[in-house]
Amino acid sequence: MSKPRIGIVKKVLSGNVLLLRNRNNEEKEITLSKVITPRLSYRGNPDEPFAWDSREFLRKMVIGEKVKFIVENTIVGYRGNREFGQVIYQDKNLAVEILKAGWGSLKRNEKKKFDEEEELTEFEKQLVEAEEEAKESKIGIWTQNKKKQQESIRKIETSAPKETLLKTKKFKGIVEYVKDGSTVRLILLPNFYQIVMYLAGVQSPGFKREVIQQEANDSDDSDEGSDDDSDEDEEEKEKKKKTKEIVRWVPQPYAEDAKMFTENKLLGREVQVTLDGQDKYGIYYGTLLWKNKNIAEFLLKEGLAKVIKWTISTPSYYHNLRKFEKICQKKRKNIWKNWKPSPELEELEEKQAKWWGPHRPREFEGTIVEIVNSETVIVRTKIIQKQQTKKKTKSKEKFVEVDRRISLSNIRVPRVKRNEVVPFAFEAKELLRKHAIGKRVKVYVDYVMEIKPKKNLQQETTEKKETKGKKEENLMIECATITVGDLNLTSMLLQNGYGDVFTKKEITTDNSQYLSTYMRISTKAKKQRKGQYNKKYKPSRINDMTRQNRKKSTNFLKFMQKSQKMSAVVDYVLSGTRAILYIPKEFCLLTFSLSCIKSVRREHGLSDEVMRFTKDQIMNRDVLVSFESVDKRGTFLGTIFVNGKNLSVELLKRGYAEVLDFLARKSEFSDVFFKAQEYAQANALGIWSEKYYQEPEEDENEDEESYMDTLDKPITEIIDTRMSITVIKSLSHIFVQDQRRKGELEKVNNYLEQFNRGLKQKEPIDTAKIKKNLYCVAKFPHDKNLYRVKTLFVDKKKNQCGVKYIDYGNEDIIKFSEIWEYDQKEIQKITPLASVASLAFLNLPPEDNEFYQDASQLLYTLTYEKDLAARIVREKDSQGKMNIILIDDTKDVDEDDEDEDDEEEEEAIDINEEMVKNGLAKINAPKSELTQINEYINNLYELEKEALDNNLGIYQYGNVYREDFSKDED
């Protein structure tokens, strides 16, 4: 008998066999001596009665615990030595405890010894007493209840039904075997299903299978000395040799450590199992919780596994695992010992860390309020916003509603385009609208795409004060997985064949977690020839009537008035009372306005609130429409009903509109309209509230009236000159240098050159003299040359000020040390050489208009670094601007073309006409006594009509803008 030793129970093999390990992870199998327990199933044989209960009794008692053991004897066998002995846990002998509980019995040879009344040891006496006690109590294997005996035999399911397991998902289980750090074999309770399972989201180093081939000679050693053997040729000897294959499993780096770690945590333990899915080889994957702790996270923390994406069921779980993996990567622990970070991945994660936060959660719930196109929606959700209180230490939190523009990830869907038939674009958008608009959705942003915005060509020639020192920001597009209940919107579009799957291959994390599913669905749709894969499909053309004139709209009105109410879909909301409708019955798009009411204009303080309300009510919704008449612009007038409610009444109730008396009295809804307005007035709502009702409308129109008075004065004279554009501050605010002041410009330039030569001997201006509206000389930071400037503001804390370069019109921020005083009063008296001008007869898009960028680019392209002919219509209008017509009459002549005739010279380009021709300007025609001007204006109107007919620029949705670029509300 050996000395007592200490070990830890690694696994309980049966009711009387334990696998122990020591501190050095050396293993020893111990069989409890003198005791026998029922056998578990082995090689197809079923369990003996109570075999499982016997093992479970011992497993629950000692698994993972420290025990003392004494080896009493060893039996040598061909399979190895088998050691028998005693195991003591907390001063209790396990053999005695098993017999007491009735889960075992004494061996036959031991019983014979006891019956012969040989001298017994203390241990043997305890065994006999324990067995007798269990027999008397009829517990465990000593029960006489045959039903219990039969029920105790397990029915082991080796091939578990996939549908049943994945439907139930959550089980209790016992880990029976650990293949490697992330792969285990389990018994699922209570049905005893046996499965092999991966840990979802992680992969540990494994064991590589290697086959070693050895050559062995089959010739008999006893025949080696025979004559026949000696006479054999070498070739015949080689034929007699046979190849023997030896298979061995070679561990990859840290594979044994990972396996040992998982064994120490899970082997023989009862765990909570959640099954997420099954791979093509029939192996399940999911999560294992032991003591409510995820073993996958432990492996990542120890650097014994890496994150894999395809087995992860939820995005939040992926990013939780990545958090642990990143910590271990930075520590260079175990498998990450030689890890080198990818610059692209680090940059992506830094950007995402800044992008996400409480103000912009990555995973959220919301309501879809708008379908922008076939793959982009607007989701309204609530975020937490902190509000600073009077005490700086405290801050309040409140929920604020925000709209987030979200695109579907990893899919490209055909988009609807005006005047162009795009197959399946309309069908895809309509499918998305029917299943998503107004629905509560779950959103998980998979990645953020960065798109470089179009360069503002105006900023290439001048550096604005607001953009100085700031890095140009890219446009960020959030791409996400959106689900309505159990319906994945991306999967829905792919199932119908309305999109193609694409992947972002630059960085592995930049893809949806469902990418493999999307690819499988897309492949299936191709095989079934659905949607865009159906070659026999003929797209239906939608009649776009948004640009119709009054005559055509009036002719079409009688078809619309055949039924009192016609079904329609709101395609786009233009303002509080105007929208573009799609009429399914007629396959047409048209512009529609609510009749008998008038809402606020765009510049009104309530306009955003009114627009938001109208969008919430009807945007992309199914509505009923009654048509009444057509206005002078060809817009259809009538009433919209949504969910049984009159939209006009709802606007009037909330004070978002007012009744037009002269029209409303003829309407069938006149009584309802006036009652709704009276309710809003009585409760001081909307435009009738004190805040908005007392706004002085006369003061708002003073500038407009004075401007119109100026326009009423007829044009009597045109001045021809040449000009060059120096800065385009905005489309209605252009700085030009007039060639009529060429002499003054040369004088200023000569003075500044001379001033620059003696600059080293001159001291910068005294900072005490620097104040607002000071005229002086300063350096331009980009070319280090001197120019005349005027100070706009002064910041003495930073020793800098904002200046305007008065001879060119651009602005910048410069230091005090780069400013000097004039030393010649004559130069100081010369007025600024840059004059403010605007293109005559035109109203151009304001900066907040969607076509401002296109108009700016065209104007810049036509005028950049060119000496232009100019016709001055007015020296000064009501806003102090010069109204001009610009003409590009420069000639691009090559060396080979110098001798060609004048007839082949290029025609001059009228820049004002080009802006109108491309649909990027509205005409604002004044009175004129000059025939030449009247003919020019008539020509502009013809160009405007062509742009409207061709649906160019601002006429994309028809004539929806007034002359001042506010959207028509009437």
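Take VAL128 and LYS208, extend 7 Å from each Cα along the Cα→Cβ direction, and tell me the distance between the two endpoints in nm.
With each label point 7 Å from Cα toward Cβ, the separation is 6.2 nm.
For the stretch 714-774, state which trypsin sites (Lys or Arg not before Pro) are in a DSSP loop and have at most 13 other beta carbons lying within 10 Å of their beta carbon. Could you put the intermediate results ahead of the total?
On the way: sites: ARG722, LYS729, ARG740, ARG741, LYS742, LYS747, ARG757, LYS760, LYS762, LYS769, LYS771, LYS772; in loops: LYS762, LYS771, LYS772.
Listed in order of number, the matching sites are LYS762, LYS771, LYS772.
Could you pull the accessible area for TRP52 with a 1.4 Å probe, rounded to 10 Å²?
Solvent-accessible area, nearest 10 Å²: 20 Å².
Assuming a ≥ b ≥ c are the square roots of the Cα gyration tensor eigenvalues, decide whether the stretch 264-326 counts as rounded (a/c under 1.5), prolate (otherwise, with a/b larger than b/c) or oblate.
oblate
Over the stretch 615-698, with a single point scatterer placed on each C-alpha, what log10 of the ratio I(q)/I(0) does the Debye formula yield at q = 0.18 1/Å?
-0.89
As an exercise, identify the trypsin sites (Lys or Arg not before Pro) in the stretch 142-201 lying in DSSP coil whose Cβ has no more than 13 other Cβ atoms within 10 Å.
Taking the stretch 142-201 and a limit of 13 other Cβ atoms within 10 Å, the loop trypsin sites (Lys or Arg not before Pro) found are LYS155, LYS169.
Quick one: length gained pulling LYS675 to THR483 fully straight, 0.36 nm per residue minus the C-alpha distance?
Full extension from LYS675 to THR483 adds 64.9 nm.
What percentage of the solvent-accessible surface of the stretch 522-672, computed with a 1.4 Å probe over protein heavy atoms, is contributed by carbon and sulfur atoms? All intermediate terms of the calculation are to be shown ahead of the outcome.
Numbers: 3670 of 7880 Å².
Carbon-and-sulfur percentage of accessible area, whole number: 47.
Not counting ligands, DNA or RNA, and with a 1.4 Å probe, what is THR517's accessible surface area in Å² rounded to the nearest 10?
Per-residue accessible area (THR517): approximately 40 Å².
Considering only DSSP states other than H, G, I, E and B, which trypsin sites (Lys or Arg not before Pro) in the stretch 535-583 qualify as loop sites with at most 14 other Cβ atoms within 10 Å?
Those that pass, being in a loop and sparsely packed, are LYS535, LYS536, ARG541, LYS562, LYS565.
Quick one: if you stick a label point 7 Å off each Cα along the C-beta vector at ALA908 and LYS742, how many nm between them?
Between ALA908 and LYS742, the simple spin-label model gives 1.6 nm.
I need the calculated FRET efficiency for the pair SER567 and LYS784, taking r as the beta carbon distance and R₀ as 56 Å, to the nearest 0.05.
0.25
Working with all protein chains in place, sort THR791, THR726 by solvent-accessible area computed with a 1.4 Å probe, largest first. All intermediate terms of the calculation are to be shown ahead of the outcome.
Working: THR791 0, THR726 30 Å².
So the residues, ranked largest to smallest area, are THR726, THR791.
Quick one: how many Å² of TRP103 are accessible to a 1.4 Å probe, rounded to 10?
Surface accessible to solvent at TRP103 totals approximately 50 Å².
Summing Lys, Arg as +1 and Asp, Glu as -1, what charge do residues with Cβ under 10 Å from the Cβ of LYS179 carry, LYS179 excluded?
+1
Rounded if a/c is under 1.5, else prolate if a/b beats b/c, else oblate: with a ≥ b ≥ c from the C-alpha gyration tensor eigenvalues square-rooted, which is the stretch 504-640?
oblate
Could you tell me which of rounded, prolate or oblate describes the stretch 783-840, using a ≥ b ≥ c as the square roots of the eigenvalues of the alpha-carbon gyration tensor, with rounded for a/c under 1.5 and, failing that, prolate when a/b is larger than b/c and oblate otherwise?
Numbers: a/c = 2.23, a/b = 1.35, b/c = 1.65.
Since a/c reaches 1.5 but b/c is at least a/b, the shape of the stretch 783-840 is classed as oblate.
May I ask you to derive the FRET efficiency for ILE384 and LEU952 from their Cβ-Cβ distance with R0 = 35 Å, giving the value to the nearest 0.05? Working shown, then result.
Numbers: r = 45 Å, r/R0 = 1.28.
The computed FRET efficiency comes out at 0.20.
Can you give the FRET efficiency to the nearest 0.05 for GLN879 and ILE451, using r as the Cβ-Cβ distance and R₀ = 41 Å? Numbers along the way, then the final one.
Details: r = 37 Å, r/R0 = 0.89.
About 0.65, to the nearest 0.05.
Run the numbers for ASP848 and ASN264: contour at 0.36 nm per residue of separation, minus the present Cα-Cα distance, in nm.
203.7 nm
How many angstrom separate the Cα center of the stretch 603-681 from the Cα center of the stretch 133-152?
Comparing the Cα centres of the stretch 603-681 and the stretch 133-152, I get a distance of 84 Å.
May I ask for the net charge around ILE8, where only other residues with Cβ less than 10 Å from the Cβ of ILE8 are counted and Lys, Arg are +1 while Asp, Glu are -1? Don't jump to the answer; show the numbers that get you there.
Details: positive: LYS10, ARG21, ARG23, LYS66; negative: GLU65.
Summing Lys/Arg as +1 and Asp/Glu as -1 gives +3.
Calculate, in nm to one decimal, what ILE283 and LYS434 gain on full extension: separation in residues at 0.36 nm each, minus their alpha carbon distance.
Gain on stretching ILE283 to LYS434: 50.5 nm.
In nm, to one decimal, how far is the modelled label at LYS666 from the one at TRP249, with both set 7 Å along Cα→Cβ?
Taking the simple label geometry, LYS666 and TRP249 are separated by 9.0 nm.
Residues of the stretch 265-285 with the amide nitrogen closer than 15 Å to a label point 7 Å from the Cα of MET519, along Cα-to-Cβ, please.
280
The values are calculated or read from the model by the stated rules, or taken from the named source; none is laboratory data. For clarity, every value in this text was computed on a predicted model and none was experimentally measured. Cβ atoms come from the backbone with ideal geometry, glycine included; neighbour counts cover every protein chain shown. When the accessible area is computed, the model is the full protein with side chains, heavy atoms only, and any ligands, DNA or RNA have been set aside. Shrake-Rupley method; radii C 1.70, N 1.55, O 1.52, S 1.80 Å.
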